[in-house]
Amino acid sequence: MAEKRDYYEVLGVKKGATKDEIKSAYRKLAKTYHPDNKETGNADKFKEIQEAYDVLYDDKKRQMYDQFGHAAFEQGAGGGAGGNPFAGGFGGFGGFEDVDLGDIFSSFFGGVRRGGSSRASTGPQRGQDVAMRINISFMDAINGKKQDITLNYDETCPDCKGTGARSPDAIKTCSYCSGRGRVRMQRQSLFGVMETEQTCPHCNGTGKQITDKCPTCGGKGYTRKKKTITINIPAGINNGQQIRSAGMGEIGENGGPHGDLYVEIAVAPHPNFQRDGNDIHISIPLDFVDAILGTQVEIPTVYGDKLLNIPAGTQPGQMLRMKGHGVKDFRTGKPGDQYVHLEIKMPTNLSKEQKKCLEDYKKCAPKEDSFFQRFKNSFKR
């Protein structure tokens, strides 16, 4: 009998390779040498690759192999039936439990998988999460509020306590799956007869059958009702953020808990305030005389009017910062800032007295100091 090659050499990986590296190497080789690959298929090499993978991907087998080599799996090398501690692990297709071969099989025959690779729990399962959206005003998002929302909610049936049966005597063990909740199915494939396991279609995985359904819930085990709950919308929440309400989602299966409800907040825009994160922006008109001489103005903020000093000589488009007058972060409570954009307004219809005042100002200003003169002088440099 030919001496076996080193398993690491068979897969082309180093001795310290990770499980992901081992799996990746196995998949590549399996695609190349699978017997159904008409161009490069090789049944002997495929069996050798499969045997190497079975050992190296299993932590216990790999530890034994690293310590004793191939002797760990030969007759008389250790405990267990016939002296083989890992008897039955090799040969044919006996070692596919730890790897999903869907991508390998699909290369040859359209995605047929080995049976038993997908197992669904038949015990209590948590219900699905649900989502909904509510609209609130800009100021409600700033200040927070409590809001009632109405939703469809599945409650455990009060009469059957979730069993779906009229009485305990009406609950029997499913005769189709013998109470397992799973059934084995066989079908013909390119490998021969393939066996798969799936949820029992008669009891939907519960392992029980109801001979007399509860008249209140019709055997479902729950009743659907309109339910109104109050959610707390925290101050500072922003458009698109979500609020979680635990246990208000869909009812679980087989006695499992409800999922959660996620409420997405849609914030309506404000006609004057604009929000950028936790900062607020607002544009205000300012008389050109106030911009020249400076003044104090009451500025609207999201928390009421606040006094702001406008420095003399303020220029059109200038932006002033009001520290701490933005939105309070709903997690930390730290406020943002408010930025005031100044739109300096020029009069269009002046009275004679106003025109005279401006003409007198113009006469007082030295021509060499005029803005336009400075602009012209810059071209002479």
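The values are calculated or read from the model by the stated rules, or taken from the named source; none is laboratory data. The model shown is predicted, which means the values in this text are computed figures rather than measured ones. Virtual Cβ from ideal backbone geometry, glycine too; neighbours counted across all protein chains shown. For the accessible areas, the whole protein counts, side chains as well, though only heavy atoms, and no ligand, DNA or RNA atoms are used. Shrake-Rupley method; radii C 1.70, N 1.55, O 1.52, S 1.80 Å.
Distance check, please: which entries in LYS145/LYS323; LYS14/LYS38; LYS23/LYS47; LYS31/LYS61 exceed 21 angstrom between their Cα atoms? Over 21 Å apart, Cα to Cα: LYS145/LYS323; LYS14/LYS38; LYS31/LYS61. Look at the alpha carbon pairs under 8 Å that are at least 6 residues apart: their mean separation over the length of region 216-287 gives a relative contact order of 22 percent. Taking 18 Å as the cut-off, the amide N atoms of region 319-337 that come nearer than this to a point 7 Å along the Cα-to-beta-carbon line of ASN239 belong to 327-328, 330.
Please give the peptides 300-306, 206-212, 268-274 ranked by average Cβ packing (other Cβ atoms within 10 Å per residue), highest first, as a rough proxy for protection.
Numbers: 300-306: 14.6, 206-212: 17.1, 268-274: 12.7.
So the peptides 300-306, 206-212, 268-274, ranked by packing, come out 206-212, 300-306, 268-274.
Across region 321-328, computed HN-Hα scalar couplings (Karplus, 6.51 cos²θ - 1.76 cosθ + 1.60, θ = phi - 60°) run 9, 10, 5, x, 9, x, 7, 7 Hz from first to last residue, x flagging Gly and Pro.
Ordered by packing density, taken as the mean number of other Cβ atoms within 10 Å over each peptide's residues, highest first, how do 10-16, 141-147 rank?
Numbers: 10-16: 14.7, 141-147: 16.6.
With the highest mean Cβ count within 10 Å placed first, the list reads 141-147, 10-16.
At full extension, ASP169 and GLU9 could sit 51.4 nm farther apart than now, given 0.36 nm per residue minus the alpha carbon distance. In region 231-381, the inverse of the mean reciprocal separation of distinct Cα atoms equals 20.2 Å; this is its Kirkwood hydrodynamic radius. Distance in nm between label sites at CYS364 and ASP129, each 7 Å beyond Cα in the beta-carbon direction? Placing both labels 7 Å beyond Cα along the Cβ direction yields 6.8 nm.
As I understand it, the dipole of region 212-307 uses +1 on the Cβ of Lys and Arg and -1 on the Cβ of Asp and Glu, about the Cα centre. Which of ILE243, THR228, ALA268 lies farthest toward its positive end? Farthest towards the positive pole: THR228. The slack in the chain from LEU350 to ASP337, taken as 0.36 nm per residue of separation less the alpha-carbon distance, amounts to 0.9 nm.
Suppose R0 equals 45 Å; then what is the FRET efficiency for GLU298 and SER378 from their Cβ-Cβ distance, rounded to the nearest 0.05? The value I calculate is 0.70. Spacing of the modelled spin labels on ASN143 and ALA312, each 7 Å from Cα toward Cβ, amounts to 4.0 nm.
Using the Cα coordinates of region 179-317, the gyration tensor eigenvalues translate into equivalent-ellipsoid semi-axes of 67, 22, 10 Å, sorted from longest to shortest. The alpha carbons of region 203-278 stretch over 66, 22, 16 Å along the principal axes, in descending order. By the rule of a C-alpha distance below 18 Å, with chain neighbours fewer than 8 residues away ignored, the lysines paired with LYS213 are LYS161, LYS172. If you sort ILE310, ILE171, ILE344, ILE292 by accessible surface, 1.4 Å probe, largest first, the order is ILE292, ILE171, ILE344, ILE310.
With R₀ fixed at 45 Å, the C-beta to C-beta distance from LYS60 to ALA246 puts the FRET efficiency at about 0.65.
Protection proxy ranking for 313-322, 228-237, using the average of other Cβ atoms within 10 Å per residue and placing the highest first: 228-237, 313-322. Remark on GLY236: its backbone amide H falls under 5 Å from those of ILE142, ASN143, GLY144, a criterion applied only to residues 5 or more positions apart or on other chains, H modelled at 1.01 Å from N.
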